[in-house]
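The values are calculated or read from the model by the stated rules, or taken from the named source; none is laboratory data. Just so it is clear, the structure is predicted and the values come from calculations on it, not from any experiment. Cβ: placed from backbone, ideal geometry, glycine included. Neighbour counts: every protein chain shown.
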Amino acid sequence: MGMAEDVVDDLRQRINKTLDDLRRELAKVRTGRANPALLEGVRVDYYGQMSPLQNVANVTVADPRLIVIKPWEKQMIPVIEKAINAAGLGINAMSDAEIVRVPIPPLTEERRKEYVKVVKHKGEEHKIAIRNERRDAKEMIEEAVKEGDLTEDDGKKAMEKVQAEVDGGVKKVDDIIGGKEKDLMQV
């Protein structure tokens with residue numbers, strides 16, 4: 001049953017990549033606490049080249065409501081401040097001679113509910129991705145049975161394993177989404 005095991009292992013790896021992507025996506029959703037991942041999508045003009053913020057500065061969390069950005073070159077301070085304010089993250093950067101401070105304002109109840117909807121939508125997108133992986137694995141197993149590389153019984157057993165992996169992946173998505181919702185609704 002080597003062929004079937006390869007398909008199931010490949011499926012497991014794809015599901016794990018999907019879950020990692022979901023975690024990265026959700027890290028960008030603001031929970032009212034400072035998190036450097038919030039600024040991951042921010043790009044700054046570094047000598048005519050648009051570069052990720054992390055490539056031109058050190059981003060740290062000073063306290064639960066404040067992100068501190070220390071650029072490696074002082075002339076980057078106004079550029080970084082402008083890029084963060086223009087990013088549409090709902091946060092306002094302030095600078096002084098050495099660093100850029102990004103205070104994280106508390107979320108309103110309405111904003112929290114909006115973010116919960118966004119989180120649920122991202123969860124659904126990732127569940128669909130996992131189901132698409134199931135379809136691909138199913139097609140590979142059916143092809144192997146058709147070509148005689150797998151017996152009918154081995155094909156059925158492999159499909160059961162594929163379904164178990166998919167169910168586990170969808171449950172993990174639900175757990176990740178539930179944890180993020182809990183974080184969002186926590187005042």
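Being touching a residue at least 24 places away in the same chain (Cβ under 8 Å) and surrounded by 12 or more Cβ atoms within 10 Å (Cβ to Cβ) narrows it down to one of GLU133, GLU125, GLU98, GLU114, so name that one.
Answer to the check: GLU133.
Within the group VAL79, VAL29, which residue is hydrophobic (A, V, I, L, M, F, W, C) and either modelled with pLDDT of 85 or more or under 30 Å from GLU147 (Cβ atoms) (or both)?
When all the criteria are applied, what remains is VAL79.
Could you list, in sequence order, all residues of the stretch 46-101 that are small (Gly, Ala, Ser) and either assigned to a strand (DSSP E or B) or under 24 Å from ASP183 (Cα atoms) (or both)?
SER51, ALA57, ALA62, ALA87, GLY88, GLY90, ALA93, SER95
It is to be established whether one or more residues within the stretch 105-113 are part of a loop (DSSP other than H, G, I, E, B) and in contact with a Pro (Cβ under 8 Å, 6 or more places away or on another chain).
Looking through the stretch 105-113, none of the residues is part of a loop (DSSP other than H, G, I, E, B) and in contact with a Pro (Cβ under 8 Å, 6 or more places away or on another chain).
Every residue in the stretch 76-99 that is farther than 17 Å from MET50 by Cβ and either more than 25 Å from the chain's Cα centre (by Cα) or hydroxyl-bearing (Ser, Thr, Tyr) (or both), please.
ILE77, MET94, SER95, ASP96, ALA97, GLU98, ILE99
Yes/no per residue for (1) aliphatic (A, V, I, L, M); (2) touching a residue at least 12 places away in the same chain (Cβ under 8 Å):
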residue: ARG14; (1), (2): no, yes
residue: ARG24; (1), (2): no, yes
residue: VAL29; (1), (2): yes, yes
residue: GLY48; (1), (2): no, no
residue: ASN55; (1), (2): no, no
residue: ASP63; (1), (2): no, yes
residue: ILE67; (1), (2): yes, yes
